[in-house]
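Read through the structure below, which is laid out as C-alpha cells, and then see the notes.
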Amino acid sequence: MRKLWLSVLLVALLLLTISPTAVLAKSDVPGQVNATDIQIVKKVTLHGPAAKGGKTVPTAALGSLGARLSNNANKYAIVIGINDYPGSSSDLQYTVADADEMSKVLTSIYGFPASNVHELTNDAATYDAIKTAIADVRSSANPGDEVVFFFSGHGAKGKADDGDKNNVDQAIVVQQDGQFAFIWDGELVQWFSGFLTNRIIFVFDSCLAGGMAVLKAPGRVVCMASTINGMSLEGTAWGGGHGQFTYYFAEAGMESGLAGKYDYNGDRTLYQPQDVSVEEAFDYANANCKSQTPTIADGFDKDLLP
C-alpha cells in the first residue's frame, strides 16, 4: 500500500512540475546547422519524495568481460552539465552536480587522469567549446584508448540539416552567445567519426535521449536516460540532488558499487566499485528509475569495464 501511495504521489508531482515546451521556429545562432520546428523538451525537476524502483527489466550485462583496457592505454572524458540556460524559465538545479559526480567517478574509481577530463558546465558548455573538446580528444586518442562523453541537461527535437536522413532529429540543448544552441544527433555522429579507438562510452541524462542511439557502432556503448520520446527527471530524492538516471548509474551504481553483480576477478566475495561494468551500471539504473525508461545501444563485445 505504501509503494502504491508513493507511486501516486510521484505521478502527481510530475504532472505539477512539467514545464511548457519551448518552441522555436528555427535556430538563429550563427555557425550551427539549419534547423526548424525545434521543440525543447525540458528535464523535469521534482520537489519531494520519489517512489523506489525495483522493477524487473531485461539486462544488458552478460557477466562476461570483453577486451580489458591495457595498462598503457589513456583515458579521456568530456563531461557536460548545464543548470543555467538563457533566461530563467529553463534553468535546472542538479545537472552540474551530475557532471561533478561523473567526473568524480571517472577519476576516483576508474583512474581517469583529472587533466584528461574536460568538464564543461553552464555558460562554459557552449556549442563551440563542446565541438572543440571533442576534436581535441579525437586528436589525442589512439587505438585502444578509452573515451567517455557525458551530458546532463535538456533535450530537443526538430528538423535539422545535420547530415542524416531522419525526418525528426534529436539534440542536446547547450548554449552559445547567450542563446539556446543545439547539437543534433547527426552532428554528434560526424564529430565522433574518425576516432582511432573503438572504445567509447556515451551517457545522456536528458529528455528524448533515446535518439542518440544513432551513435552506436562496434566498440561503443550508448546509455540513455529516456526513450526517443521520453522524459528525464531530477530532484533531491536522488542523492540529495541529482538526475534520477545519473544517481543510479554513477553515484549508487558505480561509486557505491551497488550495480556490481558479477565477480569479474573471480577471487573475492565482496564486489568492488572498480569492478562495475557500464552494462551493470545501466541495468541498475534501469531497474530503479521510475516514470522514465532508460535505453541502451550496446556495440561492445560482452561487458565493458572502464
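The values are calculated or read from the model by the stated rules, or taken from the named source; none is laboratory data. Everything numeric here is computed off the predicted structure, so don't read it as measured data. Note that each Cβ is placed from the backbone with ideal geometry, even for glycine, and that neighbours are counted across all protein chains shown.
One residue stands out among those in the range 33-53 that are touching a Phe, Trp or Tyr at 6+ places or on another chain (Cβ under 8 Å) and not hydroxyl-bearing (Ser, Thr, Tyr): the one that is modelled with the lowest pLDDT, which is Gly53. Only residues that are surrounded by fewer than 24 Cβ atoms within 10 Å (Cβ to Cβ), in contact with an Asp or Glu (Cβ under 7 Å, 6 or more places away or on another chain) and closer than 16 Å to Thr295 by Cβ were counted in the range 186-220, giving 1. Quick one: is Ala99 on the phi < 0 side of the Ramachandran plot, touching a His at 6+ places or on another chain (Cβ under 8 Å) and buried (at least 24 other Cβ atoms within 10 Å of the Cβ)? Here the answer is no, as Ala99 does not meet what is asked.
Leu106 satisfies every condition listed in (1) modelled with pLDDT of 95 or more; (2) buried (at least 21 other Cβ atoms within 10 Å of the Cβ); (3) in a loop (DSSP other than H, G, I, E, B) except (3).
Within the range 54-90, the set of residues being at pLDDT below 95 and over 24 Å from Arg220 (Cβ atoms) comprises Gly54, Lys55, Thr56, Pro86, Gly87, Ser88, Ser89, Ser90. The one condition from (1) exposed (fewer than 15 other Cβ atoms within 10 Å of the Cβ); (2) touching a helix residue (DSSP H, G or I) at 6+ places or on another chain (Cβ under 8 Å) that Ala61 does not meet is (1).
Looking at (1) crowded, with 19+ Cβ neighbours inside 10 Å; (2) out of contact with any Asp or Glu (no Cβ under 7 Å at 6 or more places or on another chain); (3) modelled with pLDDT under 95, can you tell me which one Asp161 breaks? Against the list (1) crowded, with 19+ Cβ neighbours inside 10 Å; (2) out of contact with any Asp or Glu (no Cβ under 7 Å at 6 or more places or on another chain); (3) modelled with pLDDT under 95, Asp161 comes up short only on (1). All conditions in (1) modelled with pLDDT of 95 or more; (2) assigned to a loop (DSSP other than H, G, I, E, B); (3) within 17 Å of Val105 (Cβ to Cβ) hold for Cys223, with the sole exception of (2).
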